[in-house]
Amino acid sequence: LKLANGTVVTNPGSEIDIEAVDELGNFVSVAAAADGTYSLPLAAGTWQYDYVIASPELTNGLLNRPAAEASITIAANQTVTGKNLTVIQGKNTISGKVTDANGAAVKSATVHIDNRPTLENSAATKDAQLMSISVETDASGNYTAEVPDGTFLVTAGDMPKLSASQLEPNGKSVTVKGGTN
């Protein structure tokens, strides 16, 4: 497991699992070692794999992301090495307050912070850059989330499934970089 700058992820403060699933739905999961390495025993076939952080709030800014769908095809009795996974690290904070039309705070509202709409038509789209997180507002309507550098669409409420011809719901576009709050 490595950060985008190539630094190996060590002692993340929480368990990071490497999970894989094949085309038949078979599932394998192993915990990453304290030195950031992993060994995933797979049967012959094609597998999609990625990392999952059980408790992101305990990992000093390491974040989950939508499944990047790294893929590997394994033959019987084959060993493959050097399959690094890039772990997203949040260095910036997006925070705000959700209010209703009358200006009253909305508690327990779901806030989505997503960079996929800004990258979906871009040549810059890479699996390791895509992320979507959801946080909940507190009793005063406030929310906060750690994110990596980038431009994010921030929306409140449930995100509907949209067809390609529909527009994203209203939201705020926020760009953060280099420790921005």
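The values are calculated or read from the model by the stated rules, or taken from the named source; none is laboratory data. For clarity, every value in this text was computed on a predicted model and none was experimentally measured. With ideal geometry, Cβ positions are generated from the backbone for all residues, glycine too; neighbour counts draw on all protein chains shown. Ligands, DNA and RNA are excluded from the accessible area calculation, which covers all protein heavy atoms including side chains. Shrake-Rupley method; radii C 1.70, N 1.55, O 1.52, S 1.80 Å.
For the pair Thr37/Arg116, report the inter-label distance in nm, with labels modelled 7 Å from Cα in the Cβ direction.
Each label point is offset 7 Å from its Cα along the Cβ direction, giving 3.5 nm.
Let me check something: with ligands and nucleic acids excluded, how do Leu40, Leu24 order by accessible area (1.4 Å probe), largest to smallest?
Leu24, Leu40
Between Lys97 and Ser29, 0.36 nm times their residue separation minus their Cα-Cα distance comes to what? It would help to have the intermediate numbers written out before the result.
On the way: separation 68, 0.36 × 68 = 24.48 nm, distance 3.75 nm.
The Lys97-Ser29 span can extend by a further 20.7 nm.
At 1.4 Å probe size, with no ligands or nucleic acids counted, give the accessible surface of Lys91 in Å², nearest ten.
Ignoring ligands and nucleic acids, Lys91 comes out at about 120 Å².
Can you list the residues, at least 5 places off or on another chain, whose amide H is less than 5 Å from the amide H of Ala70, using H built in the peptide plane?
Amide H neighbours of Ala70: Tyr49.
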